[in-house]
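The values are calculated or read from the model by the stated rules, or taken from the named source; none is laboratory data. Bear in mind that the values here come from a model prediction, so they are computed numbers and not experimental data. With ideal geometry, Cβ positions are generated from the backbone for all residues, glycine too; neighbour counts draw on all protein chains shown.
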Amino acid sequence: RIAFLRNSGGATQIYTMNFDGTDVRQVTNQRPLAGFRIEQLNYTWAQNDSKLYYPHFDKLYSINPDGTGNKLEYTTSDGSFISEVAVPEFDDDLVLLKTNNSSGYDVRIYTARISTGMEETVILENVDGAAGGIDISANADKVLYTWDVSGSENTVYRIFESRIFTKDLGSSDPAIQLETDVITGENDIDVRFSPSEGGVIFSRVKNNTNAIPDIYSLVFDDNQNDLLLFTKAFMPDWE
């Protein structure tokens, strides 16, 4: 099934449907997605697709795809908002989170243990600018994210120079910026690993307001240019 977001009664709820668009069902209800800017929030399938994880301000909840079993899984220690969540394939107790303040900044990206409620590895913190687009590898040994290297923080949350980074967990080496064909005036966002983890899929968009994004892919250790996959599209997920 496909999960997606829809506004219902002034709240943003998770729905699911079949791949052909039939059998649409509402999953969340009394406790919808909530936090900083709905368009900056995400959710993820978890525990072998038996649950969905989603943010509600400073809390992470799980829910069964049929709408039952809504459960608090994690709360931030400092009251910061959870905006994004990702999970590895082979560790049901680990989550990758992106948190921020009510303006979208003071970003932290880190892993945490659900069973203990404790942070495990900090990937990004103490930087200026917007960040996000998080993903974690199946074995929980690599993390992807994007960060606006311009460091701009502004009242309209405009992002100027978002670039893709990868970080090896368990290594003291700093994160590495991926070399893509992005140019000045463009943002690379919404990055995800390919199914083989031999590359990534991501959105690219001009940094001006109301610009229309396209979706590209990039193969690691390949001299080919970024491959344009879809025009006028965003938020890719490659399964």
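Within the stretch 195-206, can you find the residues that are within 15 Å of I164 (Cβ to Cβ) and either in contact with a Ser or Thr (Cβ under 7 Å, 6 or more places away or on another chain) or not small (G, A, S) (or both)?
Residues satisfying the conditions are E197, G199, V200, I201, F202, R204, V205.
Filter the stretch 1-20 down to the residues that are assigned to a loop (DSSP other than H, G, I, E, B) and either more than 15 Å from D66 (Cβ to Cβ) or in contact with a helix residue (DSSP H, G or I) (Cβ under 8 Å, 6 or more places away or on another chain) (or both) and list them by number.
G9, G10, F19, D20
Which of the residues spanning the stretch 52-85 are assigned to a loop (DSSP other than H, G, I, E, B), of a type outside the set (D, E) and either under 18 Å from S103 (Cβ atoms) or within 15 Å of the chain's Cα centre (by Cα) (or both)?
Selection gives F57, T76, G79, S80.
Looking at D148, D106, D168, D188, which one is under 17 Å from the mean Cα position of the chain (by Cα) and surrounded by fewer than 18 Cβ atoms within 10 Å (Cβ to Cβ)? If you could, list the steps in order and put the result at the bottom.
On the way: D148 fails: surrounded by fewer than 18 Cβ atoms within 10 Å (Cβ to Cβ); D168 fails: under 17 Å from the mean Cα position of the chain (by Cα); D188 fails: surrounded by fewer than 18 Cβ atoms within 10 Å (Cβ to Cβ).
One residue alone meets the criteria, D106.
Report yes if N225 is modelled with pLDDT under 95 and either crowded, with 18+ Cβ neighbours inside 10 Å or in contact with an Asp or Glu (Cβ under 9 Å, 6 or more places away or on another chain) (or both), otherwise no.
Taking the combined requirement at face value, the residue satisfies it.
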